[in-house]
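Peer 1: Got a structure here, written out as structure tokens. Questions coming.
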Amino acid sequence: MGISFTLIFCGVFCVSALLISILINALPAYSLYIIIGYICAASAVAITIACYKIYDIKASLKREKKKLDNIIKHINSMVIIWSDDFNYINVNDTFIKTIGYNAADLTGNTELMKKILPADAFSMNLQSIINNRDEEFYVSAYSGKKVCTIWNTSIAYTHTINKKTTYLMLSIGPDLTETINMKNELMRYSKELAETENKYTLSMELSEIGLILKEPGDTRFYITEQLRHMLGWDHDHIGIEELRALFHPKDRIIFDTIIGNLEGGSDNSADNSHSAEFRALTPDMTYRWFQFRYKTMPNKNLSQASLGGAVMDITKDKEKDKLIEKMAYIDDVTQIYNRNKFMLMGQELIECVNDGSDIDYWVIVIDIDSFHIINDTCGYANGNKVLCSVAAAISANLTEGGFAARIGGDNFACLLKADRFDDELPQKIIENIQRDVANIHSDVIEKQSVTCSAGYCRMTDGGGEFSSVLDHAEFALSLSDGTRSSIMKYDNSVHDRIIRNNEVEKELAAAIENNELALYYQPKIDLNTGEVMGMEALIRWIKPDGKVVPPGDFIPIAEHSLLITKISHFVLYEACRQNKKWQDLGLKPVTVSINLTAIDFYQTDVTALIKQALDDTGLDPQWLDVELTESLALKNIDHAIQQMNEIKSLGVKLSMDDFGTGYSSLSYIQVLPISLLKLDRSFIMYLEDDNISREIVSAVIRIAKSKQIETIAEGIETQGQAQILKNSGCDWAQGYFFGKPMPADEFEKFLILRQKEPAKV
Ligand code: C2E
Ligand code: MG
Ligand code: MG
């Protein structure tokens, strides 16, 4: 019964009362008052009833609103109560906190409400508003942020006044921003992962990548079908312990780290992206490699963070990586790491050390003593076996976390974590290695005993660069000067030597500019005729005070810098120029020999340089001889042969210097295009007293002759030595007995004299 019914009832009542009063016109006058009074009373009753009715509707509306307001306070999601004319709006605290607007801001503000409620709310299709329960809707918050929700709307109260029905709507929406972001993030991840790996087409993308999600407070992970398939898991959720059990035992620490990242609400750092690689058990009961890229998102209310990420099977890449790593970083012969890997590891470690952490490392370099003898006498294959045994001895003696590599021919190196309280650690480890190396028994090397020497340096003593730490350790090793089983520590005295060398290097650079270098000449005598057949140009550094510095004091230093190429350039030009000058003076032409180093030989176009020097000075190529050492020629035998042939094709002679001190045996001489073999002084020294030396020398001369190679002996100091060599068939001789190295003017006089009066042998 509405208000209208009450009014109609009152109206009918009044009209009927009026009619009755007209009909009973004859009634006495006081009756009219009675009727009027009657009408008034009836009207008052009707109005009162009508007013009451209106009051009652409004009060119940108010009550309803109050009731709703009370309820929504306790709802943890965003709630908005709104009348369809937007003249009544109320929101709960969660709404105000999330969106930033309160009820007063929104009331009557249709424009603002449009940013908050879906469009349906404005077309007032009630059914569609109510049915629309799964559409994500982005609400514009006061801060400008977009908050994602799914509004769940229902009619809370309806009332009709004057036929007009007003609806009070209740919309509840959880803040889904994080979840939706996470979902989008996951999609982005899987896409990114596939894109960066650039392996799969978009269609393959989703089938190759499994997704995983963990909500805070949930002890399980949600995993997508692809991941279920990858891991052989039947359900769409997997418990923490169950997932951990699938990890390879060695990789469970990675799993624990991932879980650990979630505790305490995760890191709040800007970049909370992580990546991990691990092995996990797959349905065929084998472990495969997976890459896991994930993000953790802190949760405001819970102490745990949520986690979402993508998992991809990278077993094939790992296998490829392994192969590449093996090719790039494993030494072919010993199967331990090679120099490249050692340098990389060293660089990584020195960065930690330089960062000021408390850790330090020792760098040890190990060299097999006289390895060339093993190679010479037992052959390369057996030499390789020795290298393998030494590598095994080194690896077996490393302390935990140690790292060994073969960094060159017979050179090994290792990195050891330093113990603050044990400075003797490297010494002990090296001694253990030396003991094991001495025990290398093999039928192939028979009686040969294998020994090794070592040099070591503390990483913090290396000057900040790993290459210099290694240099220092190698420098310490070089100080052993060929002593067997030596152990040398790099210390300040070594450091002083390096500094001194650096100074010498600087002085030498200046000396070259100031023309302080000069050539001395030492005669080469024909043992049969006593005539001078040639001379060796030997460099000297003549200081401004007249002091003469021998080549042994500066050539090795020059070899460590580019100075050697400048020196060789000077020697080549000066020797050719001087020889041509003597020929132009009318002296009988003789050969001038120059010494070249491995650097000249391998790092410059030595043939072009020689040709240029001959052209510029006008010396005929036949009067130039280049002395090379065995070790130089054997560094890269193919390259050496090619270079030597090129030099020979110019018409220049080639000699093998210091024969007998190097790595090779006579068999190598046969393949090198040399015309002269220079027997080293060490063979000549004991000729007179030692039968074996005599036999070796005469055997070498014989073999050389059979190969049409002439022989010359160096370091002859006595008549007896000269005599023995002559009798053994040696062609030429060089030594103090015939003449010391002399400055050019002195040698000129010597040459003139000897051309008139040959030496007596
Ligand atoms: P090398 O080429 O074997 O030169 C022979 C060395 O033996 C010379 O020493 C010479 O003085 C020395 N010698 C010659 N006869 C005797 C002797 O009867 N008794 C003794 N005890 N020594 C004798 P030097 O001039 O000190 O040169 C040493 C080394 O320095 C040379 O050995 C050569 O390897 C290198 N060298 C000299 N000049 C040059 C040069 O211009 N360039 C390069 N790269 N190296 C050079
Ligand atoms: Mg020489
Ligand atoms: Mg020599």
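Peer 1: Determine whether D731 is within 16 Å of ligand 2 (Cβ to nearest atom), in contact with an Asp or Glu (Cβ under 6 Å, 6 or more places away or on another chain) and closer than 21 Å to I525 by Cβ. Reasoning before the result, please.
Peer 2: On the way: within 16 Å of ligand 2 (Cβ to nearest atom): no; in contact with an Asp or Glu (Cβ under 6 Å, 6 or more places away or on another chain): yes; closer than 21 Å to I525 by Cβ: yes.
So D731 fails the test.
Peer 1: On the given criteria, is A46 small (G, A, S), part of a loop (DSSP other than H, G, I, E, B), over 60 Å from the mean Cα position of the chain (by Cα) and modelled with pLDDT under 70? Quick ask: steps written out before the conclusion?
Peer 2: Details: small (G, A, S): yes; part of a loop (DSSP other than H, G, I, E, B): no; over 60 Å from the mean Cα position of the chain (by Cα): yes; modelled with pLDDT under 70: yes.
When the stated conditions are applied, A46 does not pass them.
Peer 1: Counting just the residues of region 676-723 that are hydroxyl-bearing (S, T, Y) and more than 16 Å from ligand 3 (Cβ to nearest atom), which one comes out most open to solvent (accessible area, probe 1.4 Å)? Can you show your working first?
Peer 2: Let us first name the residues in region 676-723 that are hydroxyl-bearing (S, T, Y), namely 682, 686, 693, 698, 706, 711, 718.
Keeping just the survivors that are more than 16 Å from ligand 3 (Cβ to nearest atom) gives 686, 693, 698, 706, 718.
Numbers: Y686: 117, S693: 13, S698: 32, S706: 73, T718: 46 Å².
Among those that are hydroxyl-bearing (S, T, Y) and more than 16 Å from ligand 3 (Cβ to nearest atom), it is Y686.
Peer 1: Separate question: Which residues, taken from region 651-672, are exposed (fewer than 14 other Cβ atoms within 10 Å of the Cβ) and modelled with pLDDT of 90 or more?
Peer 2: Correct list: G651 only.
Peer 1: Yes or no: K566 open to solvent by 70 Å² or more (accessible area, probe 1.4 Å) and over 18 Å from M742 (Cα atoms)? Even if it seems obvious, please write down each step before you answer.
Peer 2: Values: open to solvent by 70 Å² or more (accessible area, probe 1.4 Å): yes; over 18 Å from M742 (Cα atoms): yes.
Criteria met by K566.
Peer 1: Against the condition charged (D, E, K, R) and within 22 Å of V532 (Cα to Cα), how does D584 come out, does it pass?
Peer 2: yes
Peer 1: Every residue in region 520-547 that is within 10 Å of ligand 1 (Cβ to nearest atom), within 30 Å of R497 (Cα to Cα) and open to solvent by 10 Å² or more (accessible area, probe 1.4 Å), please.
Peer 2: Answer for region 520-547, where residues must be within 10 Å of ligand 1 (Cβ to nearest atom), within 30 Å of R497 (Cα to Cα) and open to solvent by 10 Å² or more (accessible area, probe 1.4 Å): Y520, L538, I539, R540.
Peer 1: Hey, could you check region 584-611 for residues that are under 44 Å from the mean Cα position of the chain (by Cα) and acidic (D, E) and say which is nearest to ligand 1 (Cβ to nearest atom)?
Peer 2: Filtering region 584-611 for residues under 44 Å from the mean Cα position of the chain (by Cα) gives 595-610.
Filter again for acidic (D, E), leaving 600, 605.
Details: D600: 7, D605: 17 Å.
So the residue we want is D600.
Peer 1: Among the residues of region 144-158, which ones are of a type in the set (A, V, I, L, M) and either at positive phi or not in a loop (DSSP other than H, G, I, E, B) (or both)?
Peer 2: Let us first name the residues in region 144-158 that are of a type in the set (A, V, I, L, M), namely 147, 150, 155-156.
Selection gives V147, I155, A156.
Peer 1: Right, here's the next one. Quick one: count up the residues across region 607-635 that are of a type in the set (V, I, T), within 16 Å of E559 (Cα to Cα) and either in a helix (DSSP H, G or I) or away from ligand 3 (no atom under 16 Å from the Cβ) (or both).
Peer 2: First, pick out the residues of region 607-635 that are of a type in the set (V, I, T): 607, 610, 617, 626, 629.
From the residues that got through so far, the ones that are within 16 Å of E559 (Cα to Cα) too are 629.
Among the residues that remain, those that are also either in a helix (DSSP H, G or I) or away from ligand 3 (no atom under 16 Å from the Cβ) (or both) are: none.
Summing the residues that are of a type in the set (V, I, T), within 16 Å of E559 (Cα to Cα) and either in a helix (DSSP H, G or I) or away from ligand 3 (no atom under 16 Å from the Cβ) (or both) in region 607-635 gives 0.
Peer 1: I'm trying to understand the selection: among the residues of region 96-125, which are hydroxyl-bearing (S, T, Y) and either in a helix (DSSP H, G or I) or open to solvent by 80 Å² or more (accessible area, probe 1.4 Å) (or both)?
Peer 2: Going residue by residue through region 96-125, those that are hydroxyl-bearing (S, T, Y) are 98, 101, 107, 110, 123.
Listed by number, the residues that qualify are T98, T110, S123.
Here is a yes/no grid of residues against (1) under 17 Å from E263 (Cβ atoms); (2) modelled with pLDDT of 85 or more:
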position	(1), (2)
M204	no, no
S207	no, no
E225	no, no
R228	no, yes
W233	no, yes
D236	no, yes
I240	yes, yes
L243	yes, yes
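Peer 1: What single numbered condition from (1) crowded, with 16+ Cβ neighbours inside 10 Å; (2) farther than 29 Å from A699 by Cα; (3) more than 14 Å from ligand 2 (Cβ to nearest atom) fails to hold for D620?
Peer 2: The failed condition is (1).
Peer 1: What's the number of the only condition in (1) within 15 Å of ligand 2 (Cβ to nearest atom); (2) β-branched (V, I, T); (3) in contact with a Ser or Thr (Cβ under 8 Å, 6 or more places away or on another chain) that I716 fails to meet?
Peer 2: (3)
Peer 1: Turning to a different aspect of this structure: With respect to D638, determine if the residue is away from ligand 3 (no atom under 16 Å from the Cβ), closer than 22 Å to I539 by Cα and exposed (fewer than 15 other Cβ atoms within 10 Å of the Cβ). I'd like the intermediate steps shown before the answer.
Peer 2: On the way: away from ligand 3 (no atom under 16 Å from the Cβ): yes; closer than 22 Å to I539 by Cα: no; exposed (fewer than 15 other Cβ atoms within 10 Å of the Cβ): yes.
Taking the combined requirement at face value, the residue does not satisfy it.
Peer 1: Tell me, yes or no, whether region 327-335 has at least one residue that is part of a strand (DSSP E or B) and in contact with a helix residue (DSSP H, G or I) (Cβ under 6 Å, 6 or more places away or on another chain). Before the answer, list the steps.
Peer 2: Our first condition is that a residue be part of a strand (DSSP E or B); within region 327-335, this holds for 330.
Remaining after also requiring in contact with a helix residue (DSSP H, G or I) (Cβ under 6 Å, 6 or more places away or on another chain): none.
No, there is no match, as no residue in region 327-335 is part of a strand (DSSP E or B) and in contact with a helix residue (DSSP H, G or I) (Cβ under 6 Å, 6 or more places away or on another chain).
Peer 1: Among (1) within 16 Å of ligand 2 (Cβ to nearest atom); (2) more than 14 Å from L751 (Cα to Cα), where does V592 come up short?
Peer 2: Looking at each condition in turn, V592 falls short on (2).
Peer 1: What single numbered condition from (1) within 16 Å of ligand 2 (Cβ to nearest atom); (2) open to solvent by 60 Å² or more (accessible area, probe 1.4 Å) fails to hold for V571?
Peer 2: Status for V571: all satisfied but (2).
Peer 1: (1) within 19 Å of W289 (Cβ to Cβ); (2) open to solvent by less than 40 Å² (accessible area, probe 1.4 Å); (3) modelled with pLDDT under 85; (4) not aromatic (F, W, Y): which one isn't true of T257, the others all being true?
Peer 2: That leaves (2) as the condition not met.
Peer 1: Right, here's the next one. Please enumerate the residues belonging to region 159-183 that are buried (at least 19 other Cβ atoms within 10 Å of the Cβ) and in a loop (DSSP other than H, G, I, E, B).
Peer 2: Once the filter is applied, which keeps residues that are buried (at least 19 other Cβ atoms within 10 Å of the Cβ) and in a loop (DSSP other than H, G, I, E, B), region 159-183 yields only D175.
The values are calculated or read from the model by the stated rules, or taken from the named source; none is laboratory data. Since we're looking at a predicted model, the values are computed, not measured. All Cβ positions, glycine included, derive from the backbone under ideal geometry; neighbour counts span all protein chains shown. When the accessible area is computed, the model is the full protein with side chains, heavy atoms only, and any ligands, DNA or RNA have been set aside. Shrake-Rupley method; radii C 1.70, N 1.55, O 1.52, S 1.80 Å.
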